[in-house]
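Have a look at the structure below before the remarks.
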Amino acid sequence: MTEATEHISAGEARRPLFVGVDVGGTNIKVGVVDDEGRSVGARSIHTAEESGPGDAARRIGEAVRGLLGKSGIEPGEVVRVGLATPGPMDIPAGMLLGPGNLPHWHNSPIRDLVSKACGLPVTFANDANAAAYGEFWAGAAREHRSMVLFTMGTGIGGGIITEGMLIEGVHSCGGELGHIIIDSDPEAPINSLGIRGTLEGYCGAYAVVRRTHEELNRGEASSLKKRLDAGEELTPLMVAQEAEAGDHLSLEIVMETARYMAIGAVTAIHTIDPESVVIGGGMTFGGEGHPLGERFMKRLREEAHLRMIESLRDKIHISFATLGGDAGYIGAAGLARREYAGK
């Protein structure tokens, strides 16, 4: 994936400054962002999930102070923090409820913990929603007024922005695009939340692996068998590698994933009517500029075109994300900026 994050020095940064924090199950990314969405500096720290949210909040505060010192920024120049975490969550209350990859953090007041550790007010957001706002503010959709983001990884995340406003929903579940139903069959696969027939259940990393195993078990010829017989674990990366090497089954799995993603994208398009649909995350088969990624995107666009209302065809811009792993902290900082400007 092409990364287009603009990095600048503290002297070039337009004030006020904001901090973005993107919490993942393994790492937490912390960055300082200026008023135009440009990154002044960033670093990653281990989540150390088992140590709990209080310890993580303390280390986030330390990371922020360390970044400011390294960049030559006075603490008073940063006016607000944006915090992005996995859901489910209660955004108004600042509570993490039950994220699957943070089991020791359930029912924790994470927003207030981070606020106390940083000594600043905190804007709280879902991680995929924050990534969507990052692409909207400073990335692939920066020229558009509305957009839908799909993040492809272990699961499928999403975010929706219309007329500049992030759709978070009454119950903090807005933009849960991975749970769009694309198959109503009572035997459809179950996703990570136990729901049948969802986009995630067909396109998440675990779903790609499952679909590939099913085809292999049916006796389909594939170069994957040699690697599996040698003791390797089947992963989407292996499927992508074999697709690039010319394996027919692996390429069909990738193209079928594009078709399923197109069905989810068209559902969102017909609901929101956005200017832009952006595909990001760690499982985009190489992304923009990569031969397999470009074939994946070409098929996704073709399949979406076939299913779209005719008046929308050729009007919806479908592209890869451009901020890569920086989208979450940049978007979190952007949401903090939006809240700061509204006060």
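The values are calculated or read from the model by the stated rules, or taken from the named source; none is laboratory data. What you are looking at is a predicted structure, and each value in this text was computed from that prediction instead of being measured. Cβ coordinates were reconstructed from backbone atoms using ideal geometry, including for glycine residues, and neighbour counts include every protein chain displayed.
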Report summary line: Selection from region 91-107 of residues crowded, with 21+ Cβ neighbours inside 10 Å and either within 30 Å of residue 77 (Cβ to Cβ) or aromatic (Phe, Trp, Tyr) (or both) yields 96, 105
Requested in this report: Output the residues belonging to region 21-55 that are more than 21 Å from the chain's Cα centre (by Cα) and assigned to a helix (DSSP H, G or I).
Outcome: 50, 51, 52, 53, 54, 55
**Report entry** Test set (1) small (Gly, Ala, Ser); (2) crowded, with 16+ Cβ neighbours inside 10 Å; (3) farther than 30 Å from residue 284 by Cα - residue 69 fails condition number
**Finding:** (2)
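Run down 179, 106 and say which single residue is without any contact (Cβ under 8 Å) to a residue 40 or more places away in the chain and within 15 Å of the chain's Cα centre (by Cα).
On the way: 106 fails: within 15 Å of the chain's Cα centre (by Cα).
Exactly one residue qualifies, and that residue is 179.
If you scan region 2-20, which residues turn out to be modelled with pLDDT under 90 and either of a type outside the set (S, T, N, Q) or not in a loop (DSSP other than H, G, I, E, B) (or both)?
3, 4, 6, 7, 8, 10, 11, 13
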**Report entry** Close pairs from region 13-40: first touching a residue at least 12 places away in the same chain (Cβ under 8 Å), partner buried (at least 24 other Cβ atoms within 10 Å of the Cβ) and among the polar types (S, T, N, Q), Cβ under 7 Å, at least 6 apart
**Finding:** 23/85
Report summary line: Among (1) under 21 Å from residue 151 (Cβ atoms); (2) touching an Asp or Glu at 6+ places or on another chain (Cβ under 7 Å), residue 222 falls short only on (1)
Query raised in the report: In region 182-194, which residues are surrounded by 15 or more Cβ atoms within 10 Å (Cβ to Cβ) and either hydroxyl-bearing (Ser, Thr, Tyr) or without any contact (Cβ under 8 Å) to a residue 60 or more places away in the chain (or both)?
Result: 183, 188, 189, 191, 192
Report task. Inspect region 291-304 for any residue being assigned to a loop (DSSP other than H, G, I, E, B), not aromatic (Phe, Trp, Tyr) and not assigned by TED's automatic domain parsing to the domain that holds residue 36 and give the result as yes or no. Result -> no
Requested in this report: Kindly indicate whether any position in region 268-276 is of a type in the set (S, T, N, Q), crowded, with 18+ Cβ neighbours inside 10 Å, at pLDDT 95 or above and out of contact with any Leu (no Cβ under 7 Å at 6 or more places or on another chain).
Outcome: yes
Report task. For region 202-215, state whether one or more residues are within 30 Å of residue 93 (Cα to Cα) and either surrounded by 15 or more Cβ atoms within 10 Å (Cβ to Cβ) or over 18 Å from the mean Cα position of the chain (by Cα) (or both). Result -> yes
**Report entry** Members of region 16-66 that are over 24 Å from residue 138 (Cα atoms), among the hydrophobic types (A, V, I, L, M, F, W, C) and either surrounded by fewer than 18 Cβ atoms within 10 Å (Cβ to Cβ) or not assigned by TED's automatic domain parsing to the domain that holds residue 80 (or both)
**Finding:** 48
Query raised in the report: For residue 297, are the conditions met, namely being free of Cβ contacts under 8 Å to residues at least 40 places away in the same chain and either closer than 19 Å to residue 201 by Cα or crowded, with 20+ Cβ neighbours inside 10 Å (or both)?
Result: yes
Query raised in the report: Looking at this structure, is residue 111 among the basic types (Lys, Arg) and crowded, with 24+ Cβ neighbours inside 10 Å?
Result: yes
Report summary line: When region 123-156 is checked residue by residue, the ones that are surrounded by fewer than 24 Cβ atoms within 10 Å (Cβ to Cβ), of a type outside the set (S, T, N, Q) and over 10 Å from the mean Cα position of the chain (by Cα) are 137, 142, 143, 144, 145
